């Protein structure tokens, strides 16, 4: 790491939570003569890059900022550099800096973009500055609850890559997802919640926290489902319940364990071919007292891609025509060369285009790539 980068990182670490970008600007001016620094955050819908200081959103495909965001590599054009702001695969946006006199500075500047992503993640829980600035409209209360529960929107490690998205992003009610990994296994939960408004979001929050509590106890996937089922039934006595798909992947062997609790569908994309994985349909979480759940196993191959998709995708309707399985299969095949986040974004973008606007029903899509065992 060069001395200018190290000094900028030190200034960034010492900066107040709300002044991260301005302190980077001050330091870059001293080190490189760069006077214009702007953070462009991606919005909740993954459709706009929004300047932290206000001003016009970047929405045009092919814009240098979007090329930087999409390819996760620096872009240099006309003395301006666009740098990925990415923390462990979580794409937060793009740092735009100018004037940059020499393209050779991009390596150092890219390190600063990564450092900013880490600091943004660290300070985000304690300030509203950055969350407020990445909204194109107000979130509903239910959507606020759901976004607060998410572990992130994307994650990358040597053995896997993972991404998820909620729609309608600014008004989602009961659909959600969760994930975690410990270096040896990765877990995902895809939740197709029931109900409307805040009641739906609170039911999903209970399920998410119950599943996390059970997972952190180190018990099997089936027992995780059973404990969450009991927690929901104890409160709602079967009057409210929710469909959930639980997945655990052994990152060394590729053995997938699944529990289908009335779940969203599991789709495998292998060598460009799409196949819906047959899972044993079991009771949704909270429907009955004392439900027992059984695990199923699927052997993955390196390079396999999994999609966990709620019924809001298939049931989306445009001009009295249902989106359906054929459109879904066609779109999933098109995502083969894309990263998981781009695949999720493309699928839901296609869905919004199909319905000519925001979805009326919740939809959640999670995409997981397993690359094979890694050292």
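At a glance:
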| item | result |
| --- | --- |
| Residue satisfying condition, being surrounded by fewer than 18 Cβ atoms within 10 Å (Cβ to Cβ) and at pLDDT 95 or above, within set 221, 211, 255 | 255 |
| Filtered residues of region 55-94 (kept if in contact with a strand residue (DSSP E or B) (Cβ under 6 Å, 6 or more places away or on another chain) and at positive phi) | 72, 79, 89, 93 |
| Failed item in (1) in contact with a helix residue (DSSP H, G or I) (Cβ under 7 Å, 6 or more places away or on another chain); (2) over 27 Å from residue 140 (Cβ atoms), with residue 323 passing the rest | (2) |
| Extreme residue, surrounded by the fewest Cβ atoms within 10 Å (Cβ to Cβ), among residues of region 1-23 that are more than 19 Å from residue 127 (Cα to Cα) and without any contact (Cβ under 8 Å) to a residue 12 or more places away in the chain | 3 |
| Only one of 303, 318, 372, 286 that is modelled with pLDDT of 95 or more and touching a helix residue (DSSP H, G or I) at 6+ places or on another chain (Cβ under 6 Å) | 286 |
| Any hit, region 235-243, residues being buried (at least 16 other Cβ atoms within 10 Å of the Cβ) and part of a loop (DSSP other than H, G, I, E, B) | yes |
| Residue check for residue 269: under 24 Å from residue 336 (Cβ atoms) and in a strand (DSSP E or B) | yes |
| Only one of 343, 363, 356 that is crowded, with 19+ Cβ neighbours inside 10 Å and either touching a helix residue (DSSP H, G or I) at 6+ places or on another chain (Cβ under 7 Å) or at pLDDT below 85 (or both) | 363 |
| Residue check for residue 107: part of a helix (DSSP H, G or I) and farther than 26 Å from residue 151 by Cα | yes |
| Test result for residue 300, within 22 Å of residue 181 (Cβ to Cβ), touching a strand residue (DSSP E or B) at 6+ places or on another chain (Cβ under 7 Å), in the same structural domain as residue 160 (by TED's automatic domain parsing) and in contact (Cβ under 8 Å) with a residue 40 or more places away in the chain | yes |
| Strands (runs of 3 or more DSSP E) within region 123-234 that include 3 or more residues closer than 15 Å to residue 308 by Cβ, in contact with a strand residue (DSSP E or B) (Cβ under 8 Å, 6 or more places away or on another chain) and assigned by TED's automatic domain parsing to the domain that holds residue 249 | 160-167, 176-181, 185-192 |
| Out of 348, 359, sole residue that is outside any loop (DSSP other than H, G, I, E, B), assigned by TED's automatic domain parsing to the domain that holds residue 188 and touching a strand residue (DSSP E or B) at 6+ places or on another chain (Cβ under 8 Å) | 348 |
| Region 303-337, subset outside any helix (DSSP H, G or I) and out of contact with any strand residue (DSSP E or B) (no Cβ under 9 Å at 6 or more places or on another chain), residue surrounded by the fewest Cβ atoms within 10 Å (Cβ to Cβ) | 320 |
| Residue 174 within 14 Å of the chain's Cα centre (by Cα) and either without any contact (Cβ under 8 Å) to a residue 40 or more places away in the chain or farther than 21 Å from residue 54 by Cα (or both) | no |
| Residue, surrounded by the fewest Cβ atoms within 10 Å (Cβ to Cβ), within region 183-203, restricted to residues that are under 19 Å from residue 285 (Cβ atoms) and out of contact with any helix residue (DSSP H, G or I) (no Cβ under 9 Å at 6 or more places or on another chain) | 188 |
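The values are calculated or read from the model by the stated rules, or taken from the named source; none is laboratory data. Not measured: the values here are computed from a predicted model. Every residue, glycine as well, gets a Cβ built from its backbone with ideal geometry; the counts of neighbours run over all protein chains shown.
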